[in-house]
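Undergrad: Structure incoming, see below.
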Amino acid sequence: EIGPRPAGSPAMERAKDWALARLTAMGFENVHAEPFDIWAWFKGTETAEVTDPFPQPLVITGLGGSVATPPPGVQGEIALFKTWEALLAAKPGSLTGKIAVLTERMGPLGEPTGYGTANKWRRKGASEAARRGAIGFLIRSLATNDVRDPHSGALNYDDDARKIPAAALSGPDADQLERMTARNVPIHVKFILIPTY
């Protein structure tokens, strides 16, 4: 009846009203809602594409809490990392002006690269890329399937790193970028994220 109810959305208000009415109808006493302040982040424009040398669209979704790109987006050569350890091994300044792309696959629950580990990549990836000079960060969607519908999740910016825009990239598109970079030519990507706060 309500649908998705992100924090601060009109649907969240409808969900509150539904819960109040339902609990009251069930006979509970002292049913009420307490006011509270909330910070909300909403997805907006989200587009991505390979611009050169093999132009084609990419499917992304912004990581929750990501800063926006400038209106024209961010564009640059990608630096692709197949593992989290490879990204961490990149030297400071080595990604200056580039878009860092992490394509490591999340493993099944309980595996060494399961959700608990992979969630760290998503939460910390943008800050680690920024420390090395990156202007943007894309991460393979944390999923064990290969659908072209990326899962968002959220990130946390470290206080000692510049905030750069960050998005989840669909699994098939992460695979495609790996194939492109294997051809040993510079791959350029542009992406736009315009969330609202």
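Undergrad: Strands (runs of 3 or more DSSP E) wholly in region 1-86 with at least 2 residues that are open to solvent by 40 Å² or more (accessible area, probe 1.4 Å) and either closer than 30 Å to Pro186 by Cβ or not polar (S, T, N, Q) (or both) - which ones?
TA: Working: elements: 42-52, 56-58, 60-62, 74-81.
Counting at least 2 such residues, we get 42-52, 56-58, 74-81.
Undergrad: Give me the pairs: first residue in region 161-183 and farther than 11 Å from Thr103 by Cβ, second residue at pLDDT below 95 and open to solvent by less than 10 Å² (accessible area, probe 1.4 Å), beta-carbon distance under 6 Å, and six or more apart or on different chains, which are they?
TA: none
Undergrad: Among (1) surrounded by fewer than 15 Cβ atoms within 10 Å (Cβ to Cβ); (2) assigned to a loop (DSSP other than H, G, I, E, B); (3) over 14 Å from the mean Cα position of the chain (by Cα), there is one condition Arg179 misses while meeting the rest; what is its number?
TA: Of (1) surrounded by fewer than 15 Cβ atoms within 10 Å (Cβ to Cβ); (2) assigned to a loop (DSSP other than H, G, I, E, B); (3) over 14 Å from the mean Cα position of the chain (by Cα), only one is false for Arg179: (2).
Undergrad: Okay, next question. Could you identify the single residue in Asn156, Asn119 that is part of a helix (DSSP H, G or I) and either at pLDDT 95 or above or touching an Asp or Glu at 6+ places or on another chain (Cβ under 8 Å) (or both)?
TA: That would be Asn119, the only listed residue that is part of a helix (DSSP H, G or I) and either at pLDDT 95 or above or touching an Asp or Glu at 6+ places or on another chain (Cβ under 8 Å) (or both).
Undergrad: Condition first: among the hydrophobic types (A, V, I, L, M, F, W, C) and within 30 Å of Leu177 (Cβ to Cβ). Now tell me which residues in region 1-53 satisfy that.
TA: Step one: of region 1-53, the residues among the hydrophobic types (A, V, I, L, M, F, W, C) are 2, 7, 11-12, 15, 18-21, 23, 25-26, 28, 31, 33, 36, 38-42, 48, 50.
Scanning region 1-53 gives Trp41, Phe42, Ala48, Val50.
Undergrad: Can you pull out the residues in region 182-197 that are open to solvent by 40 Å² or more (accessible area, probe 1.4 Å) and not in a loop (DSSP other than H, G, I, E, B)?
TA: Going through region 182-197, the residues open to solvent by 40 Å² or more (accessible area, probe 1.4 Å) turn out to be 182-186, 188, 190, 194, 196-197.
Result: His188, Lys190, Ile194, Thr196.
Undergrad: Condition check: of a type in the set (Asp, Glu), more than 23 Å from Pro53 (Cα to Cα) and surrounded by fewer than 22 Cβ atoms within 10 Å (Cβ to Cβ). Does Asp158 satisfy that? Before the answer, list the steps.
TA: Working: of a type in the set (Asp, Glu): yes; more than 23 Å from Pro53 (Cα to Cα): yes; surrounded by fewer than 22 Cβ atoms within 10 Å (Cβ to Cβ): yes.
Answer is yes for this residue.
The values are calculated or read from the model by the stated rules, or taken from the named source; none is laboratory data. What you see is a predicted model, and the numbers here were worked out from it, not measured in a lab. Positions of Cβ are generated from backbone atoms using ideal geometry, with glycine treated the same way; all protein chains shown enter the neighbour counts. Only protein heavy atoms, including side chains, enter the accessible area calculation; ligands, DNA and RNA are left aside. Shrake-Rupley method; radii C 1.70, N 1.55, O 1.52, S 1.80 Å.
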